[in-house]
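Asker: Before I ask anything, here is the structure I am working with.
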Amino acid sequence: MPARYLLPSLALLLVLTRVGHFGTAFSLPDASLAVFLLGGLWLGGWGAFAVLMAAAFAVDVTLALSAEAAGWCLTPAYWGLIPTYGALWLAGRWLAREARGEQPGLFTLVATGAVTLAFVISNLTFWAFSGLFPDMDWLEYAFRVAGYYPPYLGSAALYLALGWVVHRLMASRRMAAA
């Protein structure tokens, strides 16, 4: 895939899948976590990060206008998505710089760590700043959201595995052209 198509392709994937965290019979699981890690790996610059954040925000606002459950996430804690996705972006940047993302074991380890960190950041900021849990301590909240971690990781892993295959194909194509 030529580089000029990467940002629009990632933005389109984000927009098309951002309707639900884990997917339904009618929608794919949210690809946002993978989009930000792959964006860091392939695109790098903070301008591309800002474009993807703007796309995510636009989808969330649009959904909030049309569905009560979607609007539940637009709380004072929404800013927590910036460090959440920033951690994924930085992991992608590290992979691009240090390993070029070509070693499957290292890619898997870094991606799993980054998705786990993103899960912690997003849930802690949501608990602390959403205003929805005034009587719940952080430990009780942690136990309640822990069950969401496996599908959170699984959805990201699906897209990241496909992204890694695309990454390897692009690298092979570059090597063949050189």
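The values are calculated or read from the model by the stated rules, or taken from the named source; none is laboratory data. Nothing here was measured: the structure is a model prediction, and the numbers come from that model. Cβ atoms come from the backbone with ideal geometry, glycine included; neighbour counts cover every protein chain shown. Accessible surface is based on the protein model in full, side chains and every heavy atom, while ligands, DNA and RNA are left aside. Shrake-Rupley method; radii C 1.70, N 1.55, O 1.52, S 1.80 Å.
Asker: Quick check: anything in region 121-136 open to solvent by 20 Å² or more (accessible area, probe 1.4 Å), among the acidic types (Asp, Glu) and more than 23 Å from residue 45 (Cα to Cα)?
Answerer: yes
Asker: State all residues of region 139-159 that are surrounded by 12 or more Cβ atoms within 10 Å (Cβ to Cβ), out of contact with any Phe, Trp or Tyr (no Cβ under 7 Å at 6 or more places or on another chain) and under 18 Å from residue 121 (Cβ atoms); if no residue qualifies, say none.
Answerer: Once the filter is applied, which keeps residues that are surrounded by 12 or more Cβ atoms within 10 Å (Cβ to Cβ), out of contact with any Phe, Trp or Tyr (no Cβ under 7 Å at 6 or more places or on another chain) and under 18 Å from residue 121 (Cβ atoms), region 139-159 yields 142, 144, 145, 148, 153, 156.
Asker: Residues to consider are 96, 3, 54; find the one that is of a type in the set (A, V, I, L, M, F, W, C), at pLDDT below 95, more than 16 Å from residue 156 (Cα to Cα) and open to solvent by 50 Å² or more (accessible area, probe 1.4 Å).
Answerer: None of the other options fit; the residue is 3.
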